[in-house]
Amino acid sequence: MATAESWITSARQGAETVWSLQGEWTVHHAEQISRAISAQVAAGARGGDVVFNLAGITSLDSAGAWLVIRSANALRASGAEVSLRGLDPKMNDLMQRVTEAAPSDKPPVPPARTLLDWIAQIGEAVYEIWDQLLDLLAFFGEFCQVFLRAIVNPRRLRINSIVSHIEQTGLNAMPIVGLISFLVGVVLAYQGADQLARFGAQVFTVNMVGISVLREMGILLTSIVVAGRSGSAFTAQIGTMKVNEEVDAMETMGLTPMEVLVLPRVIALVISLPLLTFFADILGLLGGGLMCVLLVDMSFKQYLTLLNQAITLSQFWVGMIKAPVFALLIALIGCFEGMRVSGSAESVGKLTTRSVVEGIFLVIVFDAFFSILFSLLGV
Amino acid sequence: MAMVDEVVSGEAVAGEQEFKLGSTLPGDRKDFAVSIRGLVNRFGKQVVHDGLDLDIKRGEVLGIVGGSGTGKSVLLRTILGLNVPAEGDIMLLGENQRDLDEGDWRRVQARCGVLYQSGALFSSLTVAENIEAPMREHSDLDDDLMDQLAALKIQLVGLPLNAGDKYPSQLSGGMKKRAGLARALSLDPEVIFLDEPTAGLDPVGATDFDQLILSLQRSLGVTVVMVTHDLDSLVAICDRIAVLLDKKIRVGTMDELMRDPHPWMQAYFHGPRARAAGMGKTERPSGDGHPGDGHRGDGHGA
């Protein structure tokens, strides 16, 4: 390990102190050199003029040059006259260049955060949420306008695009939605049968599975999967188009992005989510049925009979009626966040995440509203 | 520098027999910044490079040109070790990737700086943090010194000091390139590779950037290898030009290349754009009548 002396030595010559710098003053040794300089300054704070003898430097890069200039500046600040001599002419350009570019001693330090900053930040965040809510409402308003225009003039509905999005968001989601619902049906029945057995009321497992799947589980799980699957896809698709300036290109061609991009996606999801929910309901009931047959002593036919007695059509509709509303929420949020993408690919990722989180959040909030509404209505 | 004379003397035989520009230089291969022998790159059935040789002197500015799809970027990636060639021997700063273990090769890479076409700044870090990233990885500098060096690099490339606190997304295209260059210079590399440094800049910005590269090259004594389509850059700052053609490479000064009878070379160096860039006048800032005489190479500090 090189000692401080291998970089810098100091000697008194008459009125001046001569600092002889030597070795490779490069970025790879900068830390050692920096420490050697500090040691030198601490040891030799004797005032008077200082001469830097640079003849011993065998190689110099911008980091090394900076260290020379920094120490010279520091000495000058303490009142000493500093001169440099003996620099290899080949390194002159570099020294010149670094001197010109030398930053002020300390780069500006951002002021420390105070309590007030924190409060201001919270305020800003609240305003931001409020602004975003207004933007979302405006977006919804614009959507309604475009939608009504399309209803009046159905040629504006892009049927091909709608069908393609139904395929992507509905048909392609069937395996995963089906599997999840089936398993949740199994779990519900299994847990339910276990608990109800204590009362000898195992047979009511059927009621439990039927009502919870139809009213809540089917629609909620489907919506969450779709928000994760299709809401994010909408944001990413539209966002990428924003980044590529495709949306701008569309606009300058006289096409309305709302009509071309948003409308087909929203309509497609409003059609496919109820269908998916129906599919999820059926598979959830089948999963529950499987467990009832296995755990509770009944045949599949008995299960269906009991189910028929346990649930009414209104239970089914309570679940289904929510589907188009949730679909609208998910699709609008997905498209809205996609349209908010600006600039970089990074913002696509950020807004896609946000679209999923907001989509799921709103679905659950609206689900709670529906519960309150239904209980007030006595359904 | 004996090797330089050899290159220039190539002019004497030009025009006789078959025109041939060598892409190798005499001398010990370990002394070159980059030395390539027999490089073969192929993707599926498509052969991009076939037996390509190239030597790049320390301290020179070499421009690499070629039509689209001739493998300029692939060549750059191969030199940097990002692309494993089918065949061939590549020496970067006198070291061969095949002979080194992972850690040693990383240290060789740390002696190179790269400016990617769109800057490739880490988007989650500020400009100053971007510049400090290689320092954190490859040196033991303390935070204060690192901040100062980052500020120095920011000033060196002509950015305002407050650019250090900005994120890449807040910068214009030209500023991103400068920030990318500052990061490439972070560890005072011995050689920097620039991938189309002036693409996407306006002519004024491009000229500024050319001059910046040239002045940094002179003061830092660094070797510059740049892929470019910008004929103005070629005229303004390159000592020698390497042309990728027919899966091989031809290297020479502007004058030499302009005499090459190959149709593509004629089209490239005598087309309307080339004339507009002032090619053939060989008027260069350093211009003492000997383009590529390598006197800048002497300035190398090490």
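The values are calculated or read from the model by the stated rules, or taken from the named source; none is laboratory data. For clarity, every value in this text was computed on a predicted model and none was experimentally measured. Quick reminder, even Gly has a Cβ in these numbers, built from the backbone with ideal geometry, and neighbours come from all protein chains shown. The accessibility values were calculated without ligands, DNA or RNA, using every heavy atom of the protein model including side chains. Shrake-Rupley method; radii C 1.70, N 1.55, O 1.52, S 1.80 Å.
What to note about this one:
- Residue count for the range B:157-191 satisfying the condition of being more than 13 Å from every other protein chain (Cβ to nearest Cβ) and either at positive phi or touching a helix residue (DSSP H, G or I) at 6+ places or on another chain (Cβ under 6 Å) (or both): 3.
- Test result for residue A:222, hydroxyl-bearing (Ser, Thr, Tyr), in contact with a Gly (Cβ under 6 Å, 6 or more places away or on another chain) and assigned by TED's automatic domain parsing to the domain that holds residue A:154: no
- Flag for residue B:131 being in a helix (DSSP H, G or I) and either under 22 Å from residue B:195 (Cα atoms) or within 14 Å of chain A (Cβ to nearest Cβ) (or both): yes
- Check on residue A:163, assigned to a helix (DSSP H, G or I), under 21 Å from residue A:227 (Cα atoms) and touching a Gly at 6+ places or on another chain (Cβ under 9 Å): no
- If you check A:136, A:87, A:157 for being touching a residue at least 24 places away in the same chain (Cβ under 8 Å) and in contact with a Phe, Trp or Tyr (Cβ under 8 Å, 6 or more places away or on another chain), only one passes: A:136.
- Restricting the search to helices (runs of 4 or more DSSP H) fully inside the range B:183-259 and requiring at least 2 residues that are in contact (Cβ under 8 Å) with a residue 24 or more places away in the chain and farther than 20 Å from residue B:277 by Cα gives B:203-220.
- When A:236, A:193, A:197, A:201 are checked against the criterion of being under 25 Å from the mean Cα position of the chain (by Cα) and either surrounded by fewer than 19 Cβ atoms within 10 Å (Cβ to Cβ) or assigned by TED's automatic domain parsing to the domain that holds residue A:325 (or both), a single residue qualifies: A:236.
- Subset of the range B:198-230 that is within 14 Å of chain A (Cβ to nearest Cβ) and open to solvent by 30 Å² or more (accessible area, probe 1.4 Å) - its residue that is nearest to residue B:177 (Cα to Cα): B:211
- A search for C-beta distances below 6 Å between a residue of the range A:332-356 that is within 13 Å of chain B (Cβ to nearest Cβ) and any residue that is hydrophobic (A, V, I, L, M, F, W, C) and in a loop (DSSP other than H, G, I, E, B), counting only pairs 6+ apart in sequence or on different chains, returns A:347/A:341; A:348/A:341.
- Count of residues meeting criterion [surrounded by fewer than 19 Cβ atoms within 10 Å (Cβ to Cβ) and facing chain A (nearest Cβ under 7 Å)] in the range B:137-156: 2
- Qualifying residue in the range A:93-109 (condition: open to solvent by 60 Å² or more (accessible area, probe 1.4 Å), farther than 23 Å from residue B:188 by Cβ and not assigned by TED's automatic domain parsing to the domain that holds residue A:332): yes
- Where residue A:80 falls short, out of the listed (1) of a type in the set (A, V, I, L, M); (2) more than 8 Å from chain B (Cβ to nearest Cβ); (3) assigned to a helix (DSSP H, G or I): (3)
Let's see how each residue does on (1) open to solvent by less than 10 Å² (accessible area, probe 1.4 Å); (2) at negative phi; (3) part of a helix (DSSP H, G or I):
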site	(1), (2), (3)
B:63	yes, yes, no
B:68	no, yes, no
B:74	no, yes, yes
B:78	yes, yes, yes
B:81	no, no, no
B:84	no, yes, no
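- Check on residue A:304, farther than 22 Å from residue A:362 by Cα, modelled with pLDDT under 90 and among the aliphatic types (A, V, I, L, M): no
- Unique match (being open to solvent by 40 Å² or more (accessible area, probe 1.4 Å), in contact with a Leu (Cβ under 9 Å, 6 or more places away or on another chain) and assigned by TED's automatic domain parsing to the domain that holds residue A:258) among A:151, A:159: A:151
- Qualifying residue in the range A:249-256 (condition: touching a residue at least 12 places away in the same chain (Cβ under 8 Å) and not polar (S, T, N, Q)): no
- Qualifying helices (runs of 4 or more DSSP H) (wholly inside the range A:260-379; at least 2 residues being under 18 Å from residue A:229 (Cβ atoms) and open to solvent by less than 70 Å² (accessible area, probe 1.4 Å)): A:263-295, A:313-339, A:345-377
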